[in-house]
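The values are calculated or read from the model by the stated rules, or taken from the named source; none is laboratory data. These figures come from a predicted structure and were not determined experimentally. Here the Cβ positions follow ideal geometry from the backbone for every residue, glycine too, while neighbour counts run over all protein chains shown. Please note that ligands, DNA and RNA were not included when accessible areas were found on the heavy atoms of the full protein model with its side chains. Shrake-Rupley method; radii C 1.70, N 1.55, O 1.52, S 1.80 Å.
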Amino acid sequence: MDKPIDAYWEIALRELKLQLAGNGFDAYLAESAAAAGDVVLGEILPALAPKTVSWGGSATLVATGLYERLTASGDFAVMDPWDKSLSADEKYELRRRALLVDCYFTGTNAVTAEGCLVNLDMYGNRCGAITFGPKNVIVLVGRNKLVPDLERAMNRIKEYSAPVNAMRLDMKTPCAKTGYCMDCDSPQRICNVWTITEKCLPKGRIKVVLINEDLGL
């Protein structure tokens, strides 16, 4: 068999797609990061016809090429909290305004085999947007985010995702030096707000794109 690892994950992601659908999410499969971008732009967004879009922190969004394609499209108003020309206060205000956009993009820190999204945030804007506010949410998920259950999801986030994100963002936190969670009281602590999204209500508000590549943290 060619590419047995990809074949293994294709089976796992197909099953996960069914679990997500059973929980009220709209779920899609993509063979690669580039294909995920095409699914979003060619299938999902035309049906939604959003006038405003924004996003939370997501390395997966960048890997799909969607960040560049969305900001350059001109088809909708973009609220870009990653704009380096903005001050910290301006970025914070955009995060607040992004909670009312027509379509919000994000990754997820983990997704369980039963089809639950698990996330941990610094400010809570990404968790808040997934929970309530934007009319639609598109979650981009690399296969490496799939875990068996909630316990493994939380362990993955605390033991891997959070320390690596702290390093990526040059945060002055203990985990950025040790490589593991110290349950710190640092002013730059990024582990403040948990959400567990078991079901999607209204049904279909959250669209999950499962990607058969290792992406993001």
Check: Can you give the charge dipole size of segment 1-137 about its Cα centre, rounded to the nearest 20 debye, using +1 on the beta carbon of Lys and Arg and -1 on the beta carbon of Asp and Glu?
Finding: 380
Check: What's the extension gain from residue 93 to residue 1 if we count 0.36 nm per residue and subtract their Cα-Cα distance?
Finding: 28.0 nm
Notebook entry, point to check: How many percent of the accessible area of segment 53-150 is carbon or sulfur, using a 1.4 Å probe?
Noted result: 52
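For residue 10 and residue 83 in one chain, what is 0.36 nm times their gap in residues minus the Cα-Cα distance, to one decimal in nm?
Numbers: separation 73, 0.36 × 73 = 26.28 nm, distance 3.55 nm.
Contour length minus the Cα-Cα distance gives 22.7 nm.
Counting only heavy atoms of protein chains, what accessible area per residue, in Å², does the chain have with a probe of 1.4 Å? The partial results should precede the final answer.
Values: 10930 Å² over 217 residues.
I get 50 Å² per residue for the chain.
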Margin query: Rounded, prolate or oblate, given the Cα gyration tensor of segment 68-189, with a/c below 1.5 counting as rounded?
Written below: oblate
Next item on the list: Normalising by the residue count of segment 60-122, find the relative contact order in percent from Cα pairs under 8 Å and 6+ residues apart.
Entry: 23
Next item on the list: Pull up the DSSP beta bridges for segment 1-126 and report the antiparallel fraction as a percent, rounded to 5.
Entry: 25
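Could you give the dipole magnitude of segment 90-195 about its Cα centre, charging the beta-carbon of Lys and Arg +1 and that of Asp and Glu -1, in debye to the nearest 20?
The calculated dipole for segment 90-195 is roughly 260 debye.
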Margin query: Please compute the length gained on full extension between residue 199 and residue 19, using 0.36 nm multiplied by the number of residues separating them and subtracting their Cα-Cα distance.
Written below: 63.8 nm
Check: Looking at 136, 200, 146, which one has the Cα that reaches farthest to the positive end of the dipole of segment 108-217 (charges on Cβ: Lys, Arg +1; Asp, Glu -1)?
Finding: 136
Checklist line | Those lysines that a straight Cα-Cα span of less than 16 Å connects to residue 203, excepting residues fewer than 8 apart in one chain | finding: 17, 135
Next item on the list: Give the residues of segment 42-70 whose amide nitrogen is closer than 18 Å to a point set 7 Å from the Cα of residue 34 in the direction of its Cβ.
Entry: 42-43, 60-70
Checklist line | Cα lying deepest toward the dipole's positive end in the chain, options 161, 113, 54, charges on Cβ | finding: 54
Next item on the list: Among the lysines, select those whose C-alpha is under 18 Å from the C-alpha of residue 177, and discard any that sit fewer than 8 residues away in the same chain.
Entry: 158
Next item on the list: Taking H placed 1.01 Å from N in the peptide plane, check which residues at least 5 places from residue 55 or on another chain put their amide H under 5 Å from its amide H.
Entry: 105
Check: Using alpha-carbon pairs under 8 Å, 6+ residues apart, how would you state the relative contact order of the chain in percent?
Finding: 30
Check: Scattering from the C-alpha atoms of the chain alone, worked out with Debye: what is log10 I(q)/I(0) at q = 0.10 1/Å?
Finding: -0.42
Note to self: Students often forget the sequence filter, so: which aspartates and glutamates lie under 19 Å Cα-Cα from residue 145 once same-chain residues fewer than 8 apart are removed?
What the structure shows: 6, 10, 15, 26, 31, 114, 121, 159, 198, 213, 214
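Just check segment 29-108 against the gyration tensor rule for me: Cα atoms, a ≥ b ≥ c as the square roots of the eigenvalues, rounded for a/c under 1.5, and otherwise prolate or oblate depending on whether a/b exceeds b/c.
Judged from the Cα gyration tensor, segment 29-108 comes out prolate (a/c at least 1.5, a/b above b/c).
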